[in-house]
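The values are calculated or read from the model by the stated rules, or taken from the named source; none is laboratory data. Everything numeric here is computed off the predicted structure, so don't read it as measured data. Reconstructed Cβ throughout: ideal geometry from the backbone, glycine too, with neighbour counts over all protein chains shown. These area figures cover heavy atoms from the full protein model, side chains too; ligands, DNA and RNA do not enter into them. Shrake-Rupley method; radii C 1.70, N 1.55, O 1.52, S 1.80 Å.
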Amino acid sequence: MTDAAVTMELYPQPAPGQPKPWAFPAPDRGVLGNGLTVLRCHRPRQQLVAVEIGLDVPLDAEPSGLDGVASIMVNALSQGAGEYTAEEFSAELERCGATLDARADYAGARLSLEVPLSRLPRALGLLAEALRVPTFADSAVERLVRNRLDGIPIELADPGQRAARQLAQELFPASARMSRPRKGTEDTVARIDAAAVRAFYTAHVRPATATAVVVGDLAGIDLDEMLAGSLGGWTSDRAEPLPMPPAPADNTGRVVIVDRPGAVQTQVLIGRTGPDRHDPVWPALVLGTYCLGGTLTSRLDRVLREEKGYTYGIRAFQQVLRSPALPAPDGVTGVAVLAISGSVDTASTGPALDDLRTVLRTLAADGLTEAERDTAVQNLVGVAPLRYETAASVAGTLANQVGEHLPDDYQAQLYVRLAQTSATEATAAVVAAFPENHLVTILVGDASQIRVPVEALGLGEVTVIPAES
């Protein structure tokens with residue numbers, strides 16, 4: 001066949017269809033006979049089911065001197081239960097093709113299970129065993145304690161984690177649990193044994209104050225029967241939710257340098273406390289913070305990375321630490337950390353902080369542009385369907401809402417409010433969140449190189465502390 005004989009028939013390029021309306025999925029809510037609250041969310045074709053168990057075990061409940069016992073306890077739940085040793089329990093999970101993770105945070109503890117739909121009944125049975133009859137063997141607890149103690153020096157050696165630890169100490173009084181590491185310190189963790197873990201579990205873990213979130217393709221299965229035959233058998237004495245103590249914060253503008261002699265980079269963490277997600281300003285705060293430092297094209301990156309070359313990237317973000325149910329008791333408020341984080345080379349520390357302050361001043365003076373607002377809305381709202389493609393992402397968000405005492409439709413309404421937020425509203429929120437004279441600046445770097453240029457900026461009192469403190 002010659003080239004002249006070859007013909008090609010071209011068809012018109014397909015036109016894109018209209019996007020389908022999307023909203024964050026709404027769960028169905030119920031309660032088992034043992035008092036366990038259940039949220040279920042049907043997601044068609046999601047054959048990998050996600051189960052989140054939220055335990056009302058805030059770190060404020062830890063006994064004095066035993067910081068970290070909540071983390072050890074929740075991780076020990078899967079280290080042997082009922083007739084299974086730790087190794088046997090792990091093998092049973094593997095036979096189900098399941099993963100089970102655990103963590104403890106200031107607001108409560110969580111267990112996260114992912115399992116193929118066909119193995120869900122068996123995996124729920126194992127999860128129920130872990131919650132109902134954990135063994136807390138001495139050897140298992142001792143292993144978890146050793147692992148935590150081994151991890152602490154690694155955390156302290158990491159500039160980002162060291163900065164976060166120092167910021168917490170600066171923002172909150174030493175008496176507040178939020179001032180101290182979630183997983184405990186060397187002194188407190190070394191005191192934890194199996195007896196302390198059992199006592200903490202007995203005092204605080206019960207179905208009446210817990211929540212189960214189940215997300216996946218639930219059509220064609222009897223989830224009620226599965227839950228009744230597994231988590232429904234978990235019983236204990238009923239108890240009221242634990243009270244939340246006040247947590248005053250100190251947002252006085254100042255600088256703390258964590259000295260790392262010879263460091264070629266400075267880790268920068270600038271922060272203060274702000275409202276939780278119950279506050280009506282939250283959507284505007286999310287949008288404004290994203291415009292300030294949420295992506296590579298944000299203002300901070302555009303100046304400090306693209307124009308000046310100080311850093312590979314710098315981010316602004318908000319992180320909720322605790323969120324009481326409304327109406328909150330007198331003196332108790334929700335707390336989030338509002339922060340800017342990144343690293344710069346040592347010689348550029350002073351100039352970078354000065355330019356960062358200029359970015360905040362310019363933002364306050366001129367405001368965000370409509371183009372910045374539109375881009376942020378598209379990135380936050382437009383890509384939300386992709387963010388929530390998996391059952392685990394949906395389950396995690398629903399569990400967060402429960403832990404923060406938010407309504408079940410909170411996330412869906414948040415996207416609606418984000419799309420309605422103006423550039424003026426976002427500007428006001430982010431400017432109020434980052435007032436230049438009320439920010440605590442943590443620098444992890446070589447104090448001999450950075451102290452003098454930082455003092456010249458007038459950011460507040462400058463204190464130098466050794467890295468080991």
Share of accessible surface on carbon and sulfur in region 3-82, whole %, 1.4 Å probe and ligands ignored, is 54
Phi to ³J(HN,Hα) by Karplus 6.51 cos²θ - 1.76 cosθ + 1.60 over region 394-411, Hz, x for Gly, Pro
5, 4, x, 5, 5, 5, 4, 4, 5, x, 9, 6, 9, x, 5, 9, 4, 5
Please list, in order along region 195-201, the HN-Hα scalar couplings obtained from phi with the Karplus expression 6.51 cos²θ - 1.76 cosθ + 1.60 (θ = phi - 60°), rounded to whole Hz, x for Gly and Pro.
5, 5, 5, 4, 5, 5, 4
Which sequence of Arg198, Arg95, Arg206 reflects their accessible areas, 1.4 Å probe, from the largest down?
Arg95, Arg198, Arg206
Protein chains only, probe 1.4 Å: how do Val462, Val440 rank by accessible area, largest first?
Val462, Val440
What are the ³J(HN,Hα) couplings of region 188-194, residue after residue, when phi is run through the Karplus curve with 6.51, -1.76, 1.60 and θ = phi - 60°? Round to Hz, x for glycine and proline.
6, 5, 4, 8, 7, 9, 4
If Lys and Arg each add +1 and Asp and Glu each add -1, what is the summed charge of the other residues whose beta carbon sits under 12 Å from the beta carbon of Ala208?
-1
With point charges of +1 on the Cβ of Lys and Arg and -1 on the Cβ of Asp and Glu, referenced to the Cα centre of region 15-72, which listed residue (Gly54, Leu39, Pro19) lies farthest in the positive direction of the dipole?
Pro19
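Pairs of Cα atoms under 8 Å, at least six residues apart: use those to get the relative contact order of the chain, whole percent.
22
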Taking the dipole about the Cα centre of region 410-469, with the C-beta of Lys and Arg at +1 and of Asp and Glu at -1, give me whichever of Ala419, Ala447, Ser469 is farthest to the positive side.
Ala419
Leaving ligands, DNA and RNA out of it, work out the accessible area of Trp282 with a 1.4 Å probe and give it in Å² to the nearest 10.
10
Considering only protein heavy atoms, what is the solvent-accessible area of Asp259 at a probe of 1.4 Å, reported in Å² to the nearest 10?
40
Net charge within 11 Å of Arg43 by Cβ-Cβ distance, Lys/Arg positive one each and Asp/Glu negative one each, not counting Arg43 itself?
0
Ranked highest first by the average count of other Cβ atoms within 10 Å around their residues, in what order do 12-20, 222-230 fall?
222-230, 12-20
If every Lys and Arg gets +1 and every Asp and Glu gets -1 at its Cβ, then about the Cα centre region 160-288 yields a dipole, in debye to the nearest 20, of 680
Sort the chain into rounded, prolate or oblate with this rule: let a ≥ b ≥ c be the square roots of the eigenvalues of the Cα gyration tensor; rounded if a/c is under 1.5, and if a/c is not under 1.5, prolate when a/b is larger than b/c, oblate otherwise.
oblate
Rounded to the nearest 20 Debye, what is the dipole magnitude of the chain about its Cα centre when Lys and Arg each give +1 and Asp and Glu each give -1 at the C-beta?
260
On a C-alpha basis, how far is the centre of region 327-356 from the centre of region 226-285 in Å? Whole number, if you could?
14
Computed [θ] at 222 nm, deg cm²/dmol, the chain (DSSP H ≥ 4; -39,500 (n - 2.57); rounded to nearest 500)
-11000 deg cm²/dmol
If you place +1 on the Cβ of every Lys and Arg and -1 on the Cβ of every Asp and Glu, how big does the dipole about the Cα centre of region 88-144 come out, in debye to the nearest 20?
200
Heavy atoms only, probe 1.4 angstrom, no DNA, RNA or ligands counted: give me Glu88, Glu468, Glu461 ranked by accessible area, highest first.
Glu468, Glu461, Glu88
Put +1 on the Cβ of each Lys and Arg and -1 on the Cβ of each Asp and Glu in region 220-275; which of Gly233, Gly274, Thr252 then has its Cα farthest toward the positive end of the dipole?
Thr252
